[in-house]
Amino acid sequence: MKAWFWHHADSFAATLARFARAPVATLFNCAVIGVALALPSGLYVGLANVQGYAQALASDPRLSVFLAPDAERSDAEKIGTRLGQHAAVQELRYVPREQALKELKAASGLADVVESLPRNPLPDAFVVKARDASYQALETLRDELRRWPGVSHVELDAAWARRLEAGLKLARLAVWMLATLFAFALVAVTFNTIRLQILTRREEIELARLIGATDAFIRRPFLYFGALQGLAGGLAAWGITWVGLQLVNGGLAELSELYATRIELTHLDAGDSASLLLFSVGLGWFGAWLSVNQHLARIDSR
């Protein structure tokens, strides 16, 4: 057990020394890996934030039932009674046209324009919360309410969220495809880096094979090199993504003031950060493993 631990510790120390002997080349290799991983990870962060906002806004979908512009108050009372007795309606809120106009004037910042209108153009409305929040049930209820006499229009608040979710699914597929392509690029970078190291140490490796060194013993320092290079590249990708988010959030701060709401993108959480680092380490290790095995196979075929 002590010999096994000593061999691994010696390989790890030798790998760190190899990094130190070529700091510029190591820095550029890690930067290439970091940039390659930062693009898909940054897109993943952006999609995760957009999806979070969409789910928060659409977590409690409601129906807005707008009455005809010429509907009388008695008509609104009849429709309100009918809605209150409907089996699919859980909650109901009546918004008279006067209240709707006040809310519009307060929220839009167009008080002067609203006051200059000759009459109130807004209809009476009901905000309906359904018992079944599934999109299919909401669509069925919306289509039914549209056919009621005195109802001019029914708007499903979560309709846009469904369209957004469909777009996000397509975007997630694009991110995974992009991540796969860059994963191949990372493996290729590691493969070529290890290949160059093997060529410079070819005589040493062949001599080690002649005196009985196992393939595992020969592979070990190169696998450590690939894994550590992948880890450094993953950390670089994490840092690039963090810096990018800080810059974007700086621009969103002004937008938040204009819309009077807090808009801020969150970085990768602990689980996603660990996944990114493990992913980069695994790809670095795999690239090194492929390169060393190819060279050992050539030695055995001689």
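Rule-based calculations on the coordinates, nothing more; no lab input. Model, not experiment: these values are computed from the prediction. Cβ: placed from backbone, ideal geometry, glycine included. Neighbour counts: every protein chain shown.
Of all residues in the stretch 208-249, those satisfying the criterion of being part of a helix (DSSP H, G or I), of a type in the set (S, T, N, Q) and out of contact with any Gly (no Cβ under 7 Å at 6 or more places or on another chain) are GLN246, ASN249. Scanning the stretch 210-229 for residues that are under 16 Å from GLN197 (Cα atoms) and among the small types (Gly, Ala, Ser) yields GLY226, ALA227.
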